[in-house]
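Engineer: Below is the structure I would like to discuss, written out as structure tokens.
Bear in mind that the values in this text are calculations on the coordinates, not laboratory data. It should be emphasised that the depicted structure is a prediction, and the values quoted were computed from it without experimental measurement. All Cβ positions, glycine included, derive from the backbone under ideal geometry; neighbour counts span all protein chains shown.
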Amino acid sequence: TTSTASIVFTPTVGYRINDKWSAGLDLNLIWQERHNKAVQSDIDIVDQTNTDGLNSLGWKISPFARYNAFKINKFGIDLKLSGSIGNTKTTIDDESSLTSKKTYTQTNAQRELNYGINLSPVLTFDITEHFSLETVIGIAGIGWEGRTVTEEYSSDYGSGEPVKRALSETYNTFTFGLNNLTAVSFGCIYTF
């Protein structure tokens with residue numbers, strides 16, 4: 001049996017400076033939880049129970065500037081330059097037990113720091129004076145993202161004495177076209 005729950009909240013607030021320029025802030029809050037339980041029972045095999053759980057909480061803040069490069073009637077093309085910084089912490093607990101043996105437990109805690117910059121075109125369509133739709137075309141953008149991943153691992157291997165280790169790695173990714181991390185996103189804008 002598996003149960004999964006997640007909440008993603010991504011508001012955007014901006015200010016239109018003039019007909020060509022606007023600036024603002026994107027906020028992403030993400031929470032996810034997953035539980036999995038598997039029980040195996042057979043005449044020839046002792047009963048075995050495996051349970052694992054994942055809990056993840058993350059945030060990202062992205063200030064941006066937008067330039068209206070092209071506008072005909074209700075259609076427009078903007079260029080969006082955004083920077084970002086974020087942090088995600090994920091914990092995975094795994095437990096496996098046999099009826100005739102000790103329980104094996106393992107915990108994996110990972111923290112990921114993200115930072116980067118991205119330039120993408122945005123297609124806009126004005127429905128009314130105050131309400132418009134937008135599509136950010138990430139696959140046509142360019143960007144750079146850095147990640148620092150720190151991982152802590154603990155396991156008792158069924159012996160009751162925990163074995164711990166930790167590692168930290170840094171990654172740099174340059175994105176262009178189809179390699180971009182966010183392919184396409186859709187949204188709507190209400191202008192006060």
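Engineer: Using DSSP to define loop residues, name the GluC sites (Glu not before Pro) in segment 101-156 whose beta-carbon has at most 10 other beta-carbon atoms within 10 Å.
Structural biologist: When the GluC sites (Glu not before Pro) of segment 101-156 are filtered for loop state and at most 10 Cβ neighbours within 10 Å, E129 remain.
Engineer: Cβ under 14 Å from N73's Cβ, N73 left aside: what net charge do those residues give with Lys, Arg +1 and Asp, Glu -1?
Structural biologist: With Lys, Arg at +1 and Asp, Glu at -1, the neighbours total 0.
Engineer: Around G58, with a cut-off of 9 angstrom between Cβ atoms, what is the net charge of the other residues, counting Lys and Arg +1 and Asp and Glu -1?
Structural biologist: Working: positive: K60, K89; negative: E112.
Summing Lys and Arg as +1 and Asp and Glu as -1 gives +1.
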